[in-house]
Amino acid sequence: MDLQRYPAEPFRIKAVEPIRMIDKNQREQLMAEAGYNTFLLKAEDVYIDLLTDSGTNAMSDRQWAGMMQGDEAYAGSRSFYRLEDTVKRLFGFAHVVPTHQGRGAENILSRIAIKPGQYVPGNMYFTTTRYHQEANGGIFHDIIQDQAHNAAADIPFKGNVDLDKLDALVGKVGAENIAYVCVAVTVNLAGGQPVSMANLRAVAEYCRARGIRVFMDATRCVENAYFIREQEAGYQDTPIADIVKEMFSYADGCTMSGKKDCITNIGGFLCLNDEELFTAAKELVVVFEGMPSYGGMAGRDMEAMAVGLEEAMQEEYIEHRVKQVRYLGDRLMEAGVPIIRPVGGHAVFLDARSFCPHLSQSQFPAQALAAAIYVEGGVRSMERGIISAGRDKKTGEDQAPKLETVRLTIPRRVYTYAHMDYVAETVKHLHQHAADIRGLKWAYEPKQLRFFTGRFEQL
Ligand SMILES: *Cc1c(COP(=O)(O)O)cnc(C)c1O
């Protein structure tokens with residue numbers, strides 16, 4: 001038996017939270033009442049909640065101890081300085097601006113670094129990131145390699161930037177019309193796919209030669225680092241913390257959702273090297289978030305975040321994290337369930353087009369599948385397909401993405417392998433009678449980020 005293939009949890013359990021399963025008839029009724037949108041279910045009615053890994057993490061005893069030690073001073077909180085020191089030491093950037101969560105940092109960065117009409121090339125889009133870029137006059141341009149849009153292409157570092165695509169854009173519009181290049185590590189909507197160090201280095205070299213800034217979406221940077229250690233030549237003996245630091249040496253700053261790789265329940269920050277941008281960011285943070293020494297977080301949240309970021313860099317932690325996600329993916333693949341390959345760092349993405357071949361994309365197969373999984377086994381997931389992609393700002397048309405997926409997202413340190421087995425059984429069983437899954441149509445379509453609160457009816 002290969003003990004390292006799926007390492008046991010590198011922690012023991014000190015506090016427990018009971019979960020309960022309601023019966024299937026009830027689930028069917030509740031799903032209809034929630035407009036077939038898993039975001040609109042009550043968490044209490046969910047048995048295993050894989051909606052998101054965002055803010056759903058279990059904190060450690062040390063983080064909880066840190067909560068008691070949080071300094072709630074309005075200005076100059078000790079907890080801020082601790083967080084600032086930790087982020088500077090681990091990420092290597094000159095300045096840190098705390099925010100209430102990742103999108104707070106995206107809002108500020110988009111406002112200070114984008115001039116209306118400028119392009120913001122990125123390795124696939126993320127919902128809130130692109131929203132803020134566009135709201136500030138930016139034009140998103142996808143520069144991820146083509147294969148990232150193909151669910152079945154089983155290649156390492158599927159999140160890599162295609163430098164030819166970047167170069168073609170720069171050639172067409174000119175370097176002065178690029179606000180900055182946004183590189184996500186890992187790429188959430190591509191399936192949690194990592195970016196290689198060689199690719200980050202090449203992007204930085206290309207951009208520095210042309211005076212273009214690079215900002216990273218650092219949300220899952222530690223998971224990305226684990227893939228580099230595991231799969232990129234030359235990094236097998238490099239500590240995770242050193243890999244993270246090298247990754248960020250290729251950027252001018254980053255936005256961070258602390259709700260993911262900081263293993264906390266709330267928080268975020270923006271990192272910058274440039275003095276002028278830092279000054280501009282501090283002017284805006286007081287408007288949108290709070291003083292530059294708390295940015296919308298309580299002192300205790302900053303304390304827990306500093307501890308969590310250190311814990312995320314621990315080898316045993318990150319190995320178990322990535323391999324637990326892979327365990328669920330392996331169970332599904334064995335049973336012939338179509339998923340995005342390879343399995344990424346935070347979630348298993350079901351390929352809803354292959355799962356529901358009887359539904360066209362305009363019948364919202366991923367939205368329908370996520371609803372069906374809840375009814376089947378009380379497991380909550382989310383749609384990442386045509387609903388999440390939203391409408392084109394100019395034409396008003398749906399931006400039909402190639403990837404039409406349902407995301408089973410694993411919270412950090414919350415569930416065990418036995419829970420993963422239950423989820424796999426639920427999805428496998430549903431897969432056998434997938435032809436019964438009915439398509440959906442809009443009942444209410446919100447104007448922005450429609451996946452959060454939209455409602456549907458069965459066709
Ligand atoms: C969650 C997330 C964000 C936004 O962060 P919030 O803390 O939810 O505001 C940005 N980028 C990526 C890739 C994310 O997964």
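The values are calculated or read from the model by the stated rules, or taken from the named source; none is laboratory data. Fair warning: this is a prediction, and the values are worked out from it, not measured in the lab. Every residue, glycine among them, receives a Cβ derived from its backbone with ideal geometry; neighbour counts consider all protein chains shown.
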Matching residues, the stretch 43-52, being part of a loop (DSSP other than H, G, I, E, B) and over 21 Å from Leu440 (Cα atoms): Val46, Tyr47, Leu50, Thr52
Count of residues meeting criterion [over 19 Å from the mean Cα position of the chain (by Cα), within 23 Å of Lys394 (Cα to Cα) and in contact (Cβ under 8 Å) with a residue 12 or more places away in the chain] in the stretch 142-176: 5
Where His141 falls short, out of the listed (1) closer than 30 Å to Val337 by Cβ; (2) in contact with a Pro (Cβ under 7 Å, 6 or more places away or on another chain): (1)
Which numbered condition Lys115 fails, given (1) of a type outside the set (Val, Ile, Thr); (2) within 13 Å of the ligand (Cβ to nearest atom); (3) touching a residue at least 24 places away in the same chain (Cβ under 8 Å): (2)
Which numbered condition Ala75 fails, given (1) in contact with a helix residue (DSSP H, G or I) (Cβ under 9 Å, 6 or more places away or on another chain); (2) assigned by TED's automatic domain parsing to the domain that holds Cys262: (1)
Test result for Glu316, within 21 Å of the chain's Cα centre (by Cα), under 23 Å from Thr186 (Cβ atoms) and surrounded by fewer than 24 Cβ atoms within 10 Å (Cβ to Cβ): no
Subset of the stretch 152-190 [farther than 25 Å from Gly234 by Cα and within 16 Å of the ligand (Cβ to nearest atom)]: Tyr180, Val181, Cys182, Asn188, Leu189, Ala190
Residue list for the stretch 155-194, filter: part of a loop (DSSP other than H, G, I, E, B), out of contact with any helix residue (DSSP H, G or I) (no Cβ under 6 Å at 6 or more places or on another chain), modelled with pLDDT of 95 or more and surrounded by 15 or more Cβ atoms within 10 Å (Cβ to Cβ): Phe157, Asp162, Gly192
